[in-house]
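Engineer: One structure is given below, represented as structure tokens, and several questions about it will come after.
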């Protein structure tokens, strides 16, 4: 029996509150917390404990556990492969010394006076295949090196670099949060990629400008970072010191080509394939190579050759590098799947439909609701992946009711991604990575990093809203 609308809304709110309490107060692992809350919400909302079947054996209504399994399976069908492949590509680039080459080349092109701009551009490109925490840590030696030469506090270069890297991380596939959210909503990954990259260009400029504005004030460096910064270079003469003897970092053009390769293939499948008649050779061929999984497979094969085999890596070395990318990816994959399970429970219980009715009655635009819910979830529990996947599950029925076309569903997913960008603070691991490496106290981190991420998140959402309004619904 379906509960009244107010009761369903109350159960949904209580479920979200319980989820946040378990993660924030009791430090429960996000995957376990999401599955646990899914069971509790399912029971409270009257979802059957086992499948209800008709006389002919067909399933009329899913039981709680069956709904969770369906939610996890439906989400991870493509997410697991994408996240694993994206992690492998990022790890190969990371351990080959590609980041140093990229940053050095852009600095050379733009000149020593534009080091800050060069680092932001390099960081934005590097952030596409490399996870935020890992990508920023890779660039720290480069930030330190340029800061020492310029006689500046590393926050001058590091803050805008970190800002654009996080902006790319929350909205551009193959990063796990946006891939999971898009999958839950049924959004086309190709269009999500195109729109997120388009919005990332002005966000890169904004990150540089806002970072420069914030850095008009001097911030004291905490003692631990001060010691690390002052000793930097004394026993590490080169940013390529992590490479083995005789091994050189790959050229910036090679790294840039490997990062752009899957993006070009995806765009061919998304934007060019429809120009050919459905079922024709070129339509089928371009559609196939434009699938994100295929595009990443091609990019990894190229990276294995150009960054590995061609530079003397053995097959065993390549295997070890790719294997090392999987443990971190596995945790993210599981959390994403649990977010899909929670979304499935919200759909099966009717809570998602109740939220859709309330949104329709309130007059709040769907895109605004997507951004605000994601922003609140992000601020409350810290994880961008949890915020994106939970918000996507909550709004799935609303998206279905409105009957949006492919492009606008993709824009809803992007808006959710930018909601998970803002209000990064002490419950976010990224907050601690940035503040510790740049030498910021918690107080100064809240004065600098938190406002920067929020400005970027709000701006990213506003630009997405402009695209949503400007493109006619088909």
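The values are calculated or read from the model by the stated rules, or taken from the named source; none is laboratory data. What you see is a predicted model, and the numbers here were worked out from it, not measured in a lab. We place every Cβ from the backbone using ideal geometry, glycine too, and count neighbours over all the protein chains shown.
Engineer: Check region 275-292 and report whether any residue there is in contact with a helix residue (DSSP H, G or I) (Cβ under 6 Å, 6 or more places away or on another chain), in contact (Cβ under 8 Å) with a residue 24 or more places away in the chain, surrounded by fewer than 19 Cβ atoms within 10 Å (Cβ to Cβ) and assigned to a helix (DSSP H, G or I).
Structural biologist: Yes - at least one qualifying residue is present in region 275-292.
Engineer: Next up: List, please: which pairs have Cβ atoms under 7 Å, are six or more places apart or on different chains, and start with a residue in region 461-473 that is touching a residue at least 24 places away in the same chain (Cβ under 8 Å) and on the phi < 0 side of the Ramachandran plot and end with one that is surrounded by 11 or more Cβ atoms within 10 Å (Cβ to Cβ) and in a loop (DSSP other than H, G, I, E, B)?
Structural biologist: Every condition considered, the pairs that remain are 473/404; 473/405.
Engineer: Please count how many residues of region 433-448 are under 18 Å from residue 134 (Cβ atoms) and surrounded by 17 or more Cβ atoms within 10 Å (Cβ to Cβ).
Structural biologist: Just the residues of region 433-448 that are under 18 Å from residue 134 (Cβ atoms), to begin with: 433-438.
Going one step further and asking which of them are surrounded by 17 or more Cβ atoms within 10 Å (Cβ to Cβ), we end up with 433-435, 437-438.
Selection size over region 433-448: 5.
Engineer: Can you list the helices (runs of 4 or more DSSP H) found entirely within region 117-225 that contain at least 3 residues being surrounded by fewer than 24 Cβ atoms within 10 Å (Cβ to Cβ), within 23 Å of the chain's Cα centre (by Cα) and at pLDDT below 85?
Structural biologist: Numbers: elements: 132-150, 155-171, 176-185, 189-214.
In region 117-225, the matching helices (runs of 4 or more DSSP H) lie at 132-150.
Engineer: Out of 430, 474, I need the residue that is assigned to a loop (DSSP other than H, G, I, E, B) and at pLDDT below 90. Which one?
Structural biologist: Details: 430 fails: assigned to a loop (DSSP other than H, G, I, E, B).
Checking each option against the conditions leaves just 474.
Engineer: Could you list all residues from region 4-61 that are in a loop (DSSP other than H, G, I, E, B) and either within 22 Å of residue 72 (Cα to Cα) or under 29 Å from the mean Cα position of the chain (by Cα) (or both)? Explain how you work it out, then say what you get.
Structural biologist: Residues of region 4-61 that are in a loop (DSSP other than H, G, I, E, B), as a first pass: 4, 26-29, 45-51, 54-58.
26, 27, 28, 29, 45, 46, 47, 48, 49, 50, 51, 58 - these are the residues of region 4-61 that are in a loop (DSSP other than H, G, I, E, B) and either within 22 Å of residue 72 (Cα to Cα) or under 29 Å from the mean Cα position of the chain (by Cα) (or both).
Engineer: Touching a residue at least 24 places away in the same chain (Cβ under 8 Å) and assigned to a helix (DSSP H, G or I), is that true of residue 422? Show your work before the answer.
Structural biologist: Working: touching a residue at least 24 places away in the same chain (Cβ under 8 Å): yes; assigned to a helix (DSSP H, G or I): no.
In short, no.
Engineer: Please state which of the following conditions residue 305 fails to meet, knowing it meets all the rest: (1) out of contact with any helix residue (DSSP H, G or I) (no Cβ under 9 Å at 6 or more places or on another chain); (2) assigned to a helix (DSSP H, G or I); (3) at pLDDT below 85.
Structural biologist: Of the numbered conditions (1) out of contact with any helix residue (DSSP H, G or I) (no Cβ under 9 Å at 6 or more places or on another chain); (2) assigned to a helix (DSSP H, G or I); (3) at pLDDT below 85, the odd one out for residue 305 is (3).
Engineer: Sticking with this structure for a sec: Taking the condition of being modelled with pLDDT under 75 and over 29 Å from the mean Cα position of the chain (by Cα), how many residues in region 229-275 meet it?
Structural biologist: 14
Engineer: Now a separate question. Go through the residues of region 375-386 one by one and say whether even a single one is surrounded by fewer than 16 Cβ atoms within 10 Å (Cβ to Cβ) and in contact (Cβ under 8 Å) with a residue 40 or more places away in the chain. Before you say what the answer is, go through the steps one by one.
Structural biologist: Within region 375-386, the subset surrounded by fewer than 16 Cβ atoms within 10 Å (Cβ to Cβ) is none.
For region 375-386, residues surrounded by fewer than 16 Cβ atoms within 10 Å (Cβ to Cβ) and in contact (Cβ under 8 Å) with a residue 40 or more places away in the chain: absent.
Engineer: Looking only at region 58-73, decide whether some residue is closer than 15 Å to residue 343 by Cα, surrounded by 15 or more Cβ atoms within 10 Å (Cβ to Cβ) and modelled with pLDDT under 80.
Structural biologist: Within region 58-73, not a single residue is closer than 15 Å to residue 343 by Cα, surrounded by 15 or more Cβ atoms within 10 Å (Cβ to Cβ) and modelled with pLDDT under 80.
Engineer: Could you please find all residues in region 456-471 being within 27 Å of residue 140 (Cβ to Cβ) and either modelled with pLDDT under 95 or surrounded by 21 or more Cβ atoms within 10 Å (Cβ to Cβ) (or both)?
Structural biologist: 456, 457, 460 - these are the residues of region 456-471 that are within 27 Å of residue 140 (Cβ to Cβ) and either modelled with pLDDT under 95 or surrounded by 21 or more Cβ atoms within 10 Å (Cβ to Cβ) (or both).
Engineer: Still on this structure, I have one more. Going residue by residue through region 63-76, is there one that turns out to be under 29 Å from residue 330 (Cα atoms), touching a strand residue (DSSP E or B) at 6+ places or on another chain (Cβ under 8 Å) and not in a helix (DSSP H, G or I)?
Structural biologist: Yes.
Engineer: For residue 448, indicate whether it is touching a residue at least 60 places away in the same chain (Cβ under 8 Å) and either in contact with a strand residue (DSSP E or B) (Cβ under 7 Å, 6 or more places away or on another chain) or farther than 21 Å from residue 416 by Cβ (or both).
Structural biologist: So residue 448 passes the test.
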